[in-house]
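S.K.: There's a structure below that I have some questions on.
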């Protein structure tokens, strides 16, 4: 198991470690957002038909929300913010991932 240099109780389970490290690659993370957005497109259409909040300021959204009037614009906004955050993450080593103490919060992972 890749331990990220953390004590045993702070180590991510192997499947989470590989997921976190793969998502630290901006192209992989942005591709995941595209795939997920495509899967949710029909549900998003139903949601925004029932609750027409696109293009509206709804607290606590940011003040630029009024300018995004389509689902695609929301996805692009998410990708822009994610890309900016991932740029900082990729400049750090894998050892800078935050520690997760699975024992204290009750998560159970198969071995």
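Each reported figure results from applying straightforward, stated rules to the coordinates on display, with no laboratory input. Note that this is a predicted model, so its numbers are computed, not measured. Ideal geometry is used to build each Cβ from the backbone, glycine not excepted, and the neighbour counts take in all protein chains shown.
S.K.: Once both labels are modelled 7 Å past Cα along the beta-carbon direction, what's the residue 16-residue 46 spacing in nm?
M.R.: Taking the simple label geometry, residue 16 and residue 46 are separated by 3.1 nm.
S.K.: Using only the alpha carbons of region 25-90, determine the length spanned along each of the three principal axes and report them from longest to shortest in whole angstroms.
M.R.: 38, 27, 15
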